[in-house]
Amino acid sequence: MSDSRDCVLAVDIGSTALKAGLITKAGEVLAMTSVAYSAPENRFVAEGWIWALKAAIEKIAVPEALEGPASGVLREPQQPHLPQIKALAISGNGPTLVSESGLTLRWNEYPAARLNVDETSPDEAHSFANSIFLPRILLFRDLIGDEYEATAHLFSGPEYLIWQLTGNAVTILPEPRYETAYWNAQVLEGFGIMTGKMPGFVELGHNCGTLLENAQELLGLPAVPVIGVGPDFIAGLIGTGTTKCGTICDRAGSSEGINLCVDKEIRAEGVRTLPCVEAGLWNLSVLIPNSAALPEDERLEKVVAGVELLKKLSEENGITFPTVMTVTGGQAKDEAYFEKKRACLAQMGIELVVGNCADAELTGDGIVAWKWIATSLRSSQ
């Protein structure tokens with residue numbers, strides 16, 4: 001049985017900062033913070049993630065000094081304190097790749113590797129075109145060959161931190177249909193990628209192991225289970241509730257993706273189609289690369305165009321288009337731009353809202369971890 005103040009420590013590894021929050025079973029966010037990396041473009045930035053996590057825990061564990069009722073005099077801050085943490089849940093940016101030494105190839109640097117059509121079979125070309133990871137793995141091998149050969153494992157971002165914390169090498173597969181967006185043994189062999197280089201698959205919400213003693217000491221945490229959530233994209237969809245047919249969200253950070261959950265596999269130009277974490281459902285995404293760097297008017301034009309495209313596809317396939325869209329990410333915290341976007345979408349009959357946490361990845365992490373906790377309790381009874 002859990003106390004109402006028991007928490008999951010949710011962690012999301014971003015491109016420039018690590019976010020962490022304390023999420024209760026009821027979905028309440030007791031505290032959250034963000035810790036920027038000192039050198040996000042450093043080739044070994046992943047080595048700093050565990051230290052950013054330590055700093056984040058210290059920030060959410062130490063309440064700020066409180067003002068007196070009317071005098072404005074500061075009272076003494078409370079002693080450092082964390083609620084009882086039942087589990088640690090980790091997500092992070094997509095196909096970022098990290099070797100065991102911490103050498104990092106970020107998801108958004110360098111164009112992905114390209115195939116030599118004359119030397120590639122049709123099956124290999126199909127696998128390459130559908131995989132999010134293969135182009136990055138081959139790029140890592142081409143750019144940093146010595147490190148590629150030396151490392152026993154090549155991790156995606158969140159799985160590297162999980163390995164540091166638990167000693168276990170895994171790859172979190174969001175749903176079985178995602179294998180084509182990742183890899184399988186035959187595909188790896190076909191591209192000459194060494195067997196075992198990519199850690200084996202585990203399911204979303206897998207208990208990846210208990211915090212190692214050295215991690216417990218460093219972070220000041222008990223021996224809690226570490227739950228794998230995997231891609232921040234997936235955590236964000238879960239956190240915004242975009243896992244039911246006819247729901248939509250706008251994940252708007254440095255880049256942007258408008259995501260619609262549907263009950264049909266719809267393929268169309270300008271849309272990325274991937275499985276939903278719920279069996280039988282699909283996610284349609286309209287991507288706006290480097291959205292935050294665009295002028296506001298241009299950004300809004302692209303958002304409107306993306307929504308219109310998804311609405312058109314819904315109508316063509318007999319799916320009721322939603323009238324409410326949840327926004328999450330850094331752009332959700334820009335109040336002036338949010339109001340501008342809300343007014344723009346209101347003209348299309350769509351209400352723009354923010355959930356209980358502007359960083360829905362943390363909410364998604366919490367949902368996945370609490371589900372594991374509930375399942376674990378039932379199994380033990």
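The values are calculated or read from the model by the stated rules, or taken from the named source; none is laboratory data. Bear in mind that the values here come from a model prediction, so they are computed numbers and not experimental data. So basically every Cβ, Gly included, is an ideal-geometry build from the backbone, and we count neighbours across all protein chains shown. Calculation scope for accessible area: heavy atoms of the full protein, side chains included, ligands and nucleic acids excluded. Shrake-Rupley method; radii C 1.70, N 1.55, O 1.52, S 1.80 Å.
Check which residues have an amide H placed less than 5 Å from Ala31's amide H, if you skip close sequence neighbours.
Counting only residues 5 or more places away or on other chains, the set is Leu22.
Could you work out the pair-distance distribution P(r) of the chain from its alpha-carbon pairs, with 20 angstrom bin width and percents rounded to whole numbers?
For the chain, the binned pair fractions read 27, 57, 15, 1 percent.
Along the Cα-to-C-beta direction of Asn108, a point sits 7 Å from the Cα; which residues of the stretch 269-299 have their amide N less than 13 Å from that point?
Only 288-294 fall inside the zone, counting backbone N under 13 Å.
Dipole of the chain, Cα-centred, from +1 at each Lys and Arg C-beta and -1 at each Asp and Glu C-beta, to the nearest 20 debye?
Details: 29 positive and 48 negative charges, 145 e Å.
For this selection, approximately 700 debye.
Over the chain, with a Gaussian network built from C-alpha contacts below 10 Å, which listed residue (Ala292, Ala87, Ala46) shows the highest mean-square fluctuation?
Answer for the Gaussian network model of the chain: Ala292.
What is the set of long-range amide H partners of Leu352 at a cut-off below 5 Å, with H atoms built 1.01 Å from backbone N?
Long-range HN contacts for Leu352: Met325.
Would you calculate, for the chain, the mean residue ellipticity at 222 nm contributed by helices, counting each DSSP H stretch of 4 or more residues as -39,500 (n - 2.57) and dividing by all residues, to the nearest 500?
Details: 11 runs with 124 residues, N = 381.
So the helix-based figure for the chain works out to -10000 deg cm²/dmol.
Are there any trypsin sites (Lys or Arg not before Pro) in the stretch 258-345 that are in a DSSP loop and have at most 13 other Cβ atoms within 10 Å? List them by number. Could you put the intermediate results ahead of the total?
Numbers: sites: Lys264, Arg267, Arg272, Arg299, Lys302, Lys311, Lys312, Lys333, Lys340, Lys341, Arg342; in loops: Lys264, Arg267.
Within the stretch 258-345, the qualifying trypsin sites (Lys or Arg not before Pro) (loop, at most 13 other Cβ atoms within 10 Å) are Arg267.
So, how do all the Cα-to-Cα distances of the stretch 200-337 break down into 10 Å bins, in percent, from 0 on up?
11, 36, 28, 17, 8, 1
Ignoring any ligand, DNA or RNA, what whole percent of the accessible area of the chain comes from carbon and sulfur when the probe is 1.4 angstrom?
Details: 9150 of 17760 Å².
That fraction is 52 percent.
Report the Cα-based extents of the stretch 164-222 along its three principal axes, largest first, to the nearest Å.
44, 24, 11
Compute a Gaussian network model of the chain, connecting alpha carbons closer than 10 Å, and tell me which residue from Phe201, Phe191, Phe44 fluctuates the most.
Maximum among the listed residues: Phe191.
Jot down the radius of gyration and Dmax of the stretch 276-381, Cα atoms only, both in angstrom.
Answer for the stretch 276-381, Rg first and Dmax second: 17.1, 57 Å.
Multiplying the sequence separation of Ser376 and Glu316 by 0.36 nm and subtracting their Cα-Cα distance, what value in nm do you get? Don't skip to the answer; put the middle values down first.
On the way: separation 60, 0.36 × 60 = 21.60 nm, distance 4.28 nm.
Separation in residues times 0.36 nm, less the Cα-Cα distance, equals 17.3 nm.
Just to verify a number: FRET efficiency for Thr16 and Thr273, C-beta to C-beta distance, R0 = 22 Å, to 0.05?
It comes to 0.15.
At 7 Å along the Cα-to-beta-carbon direction for both Ala223 and Asp146, put a label point, then send me their distance in nm to one decimal.
Placing both labels 7 Å along Cα→Cβ, they lie 4.1 nm apart.
Quick one: if you stick a label point 7 Å off each Cα along the C-beta vector at Leu294 and Glu203, how many nm between them?
Output for this residue pair reads 3.8 nm.
List, in order, the whole-Hz ³J(HN,Hα) value for each residue of the stretch 211-226 obtained from phi through the Karplus relation with A = 6.51, B = -1.76, C = 1.60 and θ = phi - 60°; use x for Gly and Pro.
Ordered by residue, 3J(HN,Hα) equals 3, 5, 4, 5, 6, 4, 5, 5, 8, x, 10, x, 7, 9, x, 10 Hz.
Considering amide H positions built from the backbone, and no H for Pro or chain starts, which residues 5 or more places from Ile288, or on another chain, come under 5 Å of its amide H?
HN-HN under 5 Å from Ile288: Glu256, Gly257, Ile258.
Given springs between every Cα pair under 10 Å in a Gaussian network model of the chain, which of Asp12, Asp263, Asp250 has the largest fluctuation?
Asp263
Residues of the chain: accessible area per residue at 1.4 Å, in Å²? Intermediate values should be presented prior to the final figure.
Working: 17760 Å² over 381 residues.
Value for the chain: 47 Å² per residue.
Taking the Cα centre of each part, how many Å lie between the stretch 317-371 and the stretch 165-183?
Taking the Cα centre of each part, the stretch 317-371 and the stretch 165-183 sit 27 Å apart.
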